[in-house]
Structures are given as C-alpha cells and as structure tokens.
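A short worksheet on the structure shown next.
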Amino acid sequence: LGAATLPRLHDRSGLTVPGYDRAGVRPGIVHFGVGGFHRAHQAMYVDRLLGRDPDAAGWGIRGVGLRPADRAMRDALEPQDGLYTLTLKHADGAVETSVIGSLVDYLYAPDDPEAVLDALAHPDTRIVSLTITEGGYNFIQATGEFDATAPDVAADLVPDAVPRTVFGYVVEALRRRRDRGLAPFTVMSCDNIEGNGAMAHRTFLAFARLADPDLADWIDTNVRFPNSMVDRITPATPPGLRAEVAGRTGVDDRWPVVAEPFTQWVLEDDFASGRPAFESVGVQVVPDVAPYELMKLRLLNAGHQTLCYFGYLLGHRLVHDAAADPDIRELLRRYMTDEGRPTLRPVPGVDLDRYVDTLLERFSNPAIADTVARLCQDSSDRIPKWLLPVIRERLAAGGSASLAAAVVASWTRYAEGEDEQGQPIEVVDPRAAALVPLARLSRTQPLAFVSDPELFGDLARDEGFTRPYLAALESLRTRGARATLAELLAIDP
Ligand code: NAD
C-alpha cells in the first residue's frame, strides 16, 4: 500500500479507495494520538468529506505521535504515504474494506520536535485534534485539577524546554501564533471524557498559566475547545488482520484498522478559525453535546465496565462471548435501564430504549472480536469518569446504585491480580502498582481499595455505596462471580 500503488487498486473488488486527488490535499488539522480509534473515526469522516467536497481539500490531517510506542505507527505509515485500510465487520459476517487517504503526513515528535511546532504554528493549521486517552489530560481524578508535578509536564514547564507533552507543544505553538499575529487554532478533543472540550480547556489553560500567565489570558480569550461525543467500537488491531486484509483485497497494509459498522460523532459548533462541513458526512453538529455524551458515557462506556470485570472473572476473554452470557446480558440491561438511564436528561432525537437494545447488539457482534482485557485496561482513568458519577447521582436522588457498586466490587476483585482459578491477571493500569496491593489489602481492610479520595472522593463514607459494594465484594471472594451475579439479579431494584 502506498501512493504509487493506489491507482492500481481502483478496480479491486470489495475495496473502496479515495476517489479524490490526494496530491491536492493540504493539512489543516494536526492530530495528536493517531491510534486505532482516530483512524476508524475522525480520519474516516475527513476522508468521506474529501471524497465529496472539492472545497474540503484544505482539511487533510497531519498525525503526531509523542510516545515511544508511536514509533511503530511512524514505521507503518511512512512507507505507505499515510494510507491505511479500515475494515468494518458486520454481525452477519459482511465485511467492507476502504483505503483511507485523509492522513497526509505523520510526525513522530521525538524525531524532530521543531517540525511538530512548525506544523502547529503553520497558518494553514486551523484545528488541533486529540485522542490521547483519558489519562492524557493529566488531571487529578478527585479534584479535576491539573497535575503539574507529573515529570514530563514539569520538564515542559522549564523555560525554553524542548516539549515532550501535548501541553508543551500546543501551548508553545499558540505562543508562536500569537507573536506572529496568526489566528489561533481550535483544540478539538475526541476522547471519551464527559465534557472533553471543557476538560481540554481546563488542562491546557492550567498548563499555560504555569508557563506564562499573559499567554494563558490570550488562549482563554481566543482559543475554542468544542465538546464532542464520539462513538465507534475500535478494538486494537488483532494479529491476523494484516494477512486477512491482504488475502481478501490483495493489499498489504502494515497496520490495518478494524471497527464495527456503527459510528457516531456529535460535535459542538464552537470553532475559532473555521471547520470542515462535517455535517455533510453524517456528523451531528449541535449547540449542546452534553445530553448525547452522558448517554454514551453512562450506557456504552459504563456498560463496557459492567461487562468486563464480571466477564473476565467468569472466564470470558472476548466481549461478544461475555455479552452472550445470559447473566452478563441481564446485568447489563438492568444496569442500563435501572441505574444508568435514570441519570440522563432527554436526548434530542434519541429513543433510549432503542439505544439500549442497539448497545446490546453492538456488544454482541462476534466479528469485532474485541477483547475483555482491552476494556479492563486503565480502569482508574475510566471508572471515576464513567461509572462513579452514576453512583453519586443515583444516591443524591435517593435511588439505589447496587449494580454499579457491584461493578466497582468486580473491579476490586479483578485488581487483586488473580482469577477464580488462581491464574494471574495482568492488571494494565497506570496505577497498578498502588491498586493491586490495595485490592489485596481490602481482604482484611474491606474499604482499603475505595478509600483513595483521588479516585473515589468520599464514596467510602457513603453507606448507600459501601453496603452493596462490600456485600458484592465479599460474595465475589467467597462464592465467585457466577453466584454473586445470580444473587444480584434476583434482587428487585
Ligand atoms: P490506541 O492505543 O490505539 O491509541 C492511543 C494513542 O494515544 C496513541 O497514539 C498514544 O501514543 C496516545 N497517547 C496515550 N497517552 C498519551 C499521552 N499522555 N499524551 C499524548 N498521547 C498519548 O487507542 P485508541 O483505541 O485509538 O483510543 C484512544 C482514545 O480514543 C481512547 O482513550 C478514547 O478516549 C477514545 N475512543 C476510543 C474508542 C475505541 O473504541 N477504541 C471509542 C471512542 C473513543
């Protein structure tokens, strides 16, 4: 796969290729965190746009990777001139593969930090978008405050430092734009965080305040940070996908992407220097994203958390197997309808019953083969953002959150690092070193795991949470996940 072979791919059956002239596409977006999701989602929307609107040629994407793990993306994309394949797998076995052409360039920042700053400060750059994961925003869970003590951030705050973090790059680039009299760009977060734009605003501004208060004021006045809700389940690329795509289409792609057919992007219309006509390719551009994102975070994302630890403890390793387990399915349905959904506001144009049914179908798609282990990663970034707000709101409204509390118990049991057969569990979490011992300590000090105010606030002092949490945890330890679920589901809400 590459620019030179692209013309020959036009007549391959079962393969869609860019119908536009890539040579005419100029970068207008710089994206940090080119992983599976960006390539299945935003880059796909921009590719669609380039294909239908000749005026969109100024909205190509330059990808940027900051972390050592991103070297592999550079090595895959560079020889392919930014081209890659996206394969969509339907539950009925149908498969569609497209070559995506919107990524016109990829910069691995440690190779040449100045090139990244040049790209960001370039007059043509009008949007800087982000999928840097929930942890990438570098804030303290319980307080929401920016963590200026993180070593890379502290290094970026030293005057004239060569940037390492997204904060260092973006803020230095904005300084250059201001000093050169250039318009600011918009910072568009596409991460799974409630109020992702507001979060980006807070964290970038906090960094800028520490670096240069005048610049922070300029950013606050001039830069926009739209909120968005993004949705398309995109598992990590499975090992066999490259050969599978090559076998089916004849295209050898060093790093293909696979995703579910469903896709949704709800975007707040708040841009500093223009935006692509995203609505023409199916993006819902709205004045207020909040109801959509709460629906997604509290049903889909919190639903994934509901499924994954119980699912793992029951021995399921693939999400669709867990979703097909009648107890897990019932737990999911009950969590969504009895606890997640009552905390939502009406969502314009969405039938929430239908949404819950669609989620259960999406989780059950066997063709996606998403792993339970992927959903169990980075729990300490996810549970506090996706599930704990549901518990707090339910309790504040005088309701019950027994199922959500049991999900926190299932995480605790999982974080002990050993399954019900005594086999080790690899706990992948930035806080694993602290959490695993705490989970084990909670065998003798039952509230040890949930007492860290940074993650749990003061939930450990709220009986409405601790009662069902402790009961589920005790049951998970003494009777196992299956019996615990049976008992939970027998309780009327
Ligand atoms: P991925 O592992 O394929 O890619 C993650 C990217 O983020 C990598 O380029 C990595 O280097 C970068 N990154 C991680 N931490 C960073 C940091 N501190 N600073 C800068 N860059 C950092 O993961 P993915 O599947 O592409 O998911 C990325 C994010 O996209 C998720 O965390 C989530 O917020 C959002 N998302 C994912 C999905 C999905 O189904 N995969 C769906 C909706 C939203």
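The values are calculated or read from the model by the stated rules, or taken from the named source; none is laboratory data. None of these values were measured; they are calculated from a predicted model. All Cβ positions, even for glycine, are placed from backbone atoms using ideal geometry, and neighbour counts span all protein chains on display. These accessible areas exclude ligands, DNA and RNA; they are computed on the full protein's heavy atoms, side chains included. Shrake-Rupley method; radii C 1.70, N 1.55, O 1.52, S 1.80 Å.
Under a Cβ-Cβ cut-off of 13 Å, what is the net charge of the residues other than W255 that fall near it, where Lys and Arg count +1 and Asp and Glu count -1?
0
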Hey, any idea what % of the chain's accessible area is carbon plus sulfur with a 1.4 Å probe?
50
Phi-derived 3J(HN,Hα) across the range 183-190 with the Karplus relation (6.51, -1.76, 1.60, θ = phi - 60°), rounded Hz, x for Gly and Pro, is 5, x, 9, 8, 9, 10, 7, 10
Which Rg and Dmax, in Å, describe the Cα atoms of the range 290-490?
15.7, 49
Reduced to Cα centres, the span from the range 205-273 to the range 426-493 in Å works out to 33
Select from P291, G240, V407 the residue farthest towards the positive end of the dipole of the chain; place +1 on Cβ of Lys and Arg, -1 on Cβ of Asp and Glu, and compute about the Cα centre.
G240
Just for the Cα atoms in the range 186-254, what are the lengths along the principal axes, largest first, rounded to whole Å?
56, 22, 18
What fraction of the DSSP beta bridges in the chain is antiparallel, stated in percent and rounded to the nearest 5?
35
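With the alpha-carbon atoms as the only input, what is the per residue convex hull volume for the chain in Å³?
144
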Using the alpha-carbon atoms, what tilt in degrees (0 to 90, nearest 10) does helix 352-363 show relative to the longest principal axis of the chain?
80
Helix-derived mean residue ellipticity, 222 nm - over the chain, DSSP H n ≥ 4, -39500 (n - 2.57), to 500:
-12000 deg cm²/dmol
Using eta = 1.567 mPa s and T = 4 °C, Stokes-Einstein with Kirkwood Rh from Cα pairs puts D for the range 21-97, in µm² s⁻¹, at 95
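How do T16, T203, T358 rank by accessible surface area computed with a 1.4 Å probe, from largest to smallest?
So the residues, ranked largest to smallest area, are T16, T358, T203.
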Solvent-accessible area per residue, Å², over the chain with all protein chains present [probe radius 1.4 Å]
39
How big is the range 238-361 by the Kirkwood estimate over distinct Cα pairs, in Å?
17.3
At 1.4 Å probe size, with no ligands or nucleic acids counted, give the accessible surface of E361 in Å², nearest ten.
100
For the range 6-286, report the convex hull volume of the alpha-carbon atoms normalised per residue, in Å³, without decimals.
132
Multiplying the sequence separation of E361 and E426 by 0.36 nm and subtracting their Cα-Cα distance, what value in nm do you get?
20.6 nm
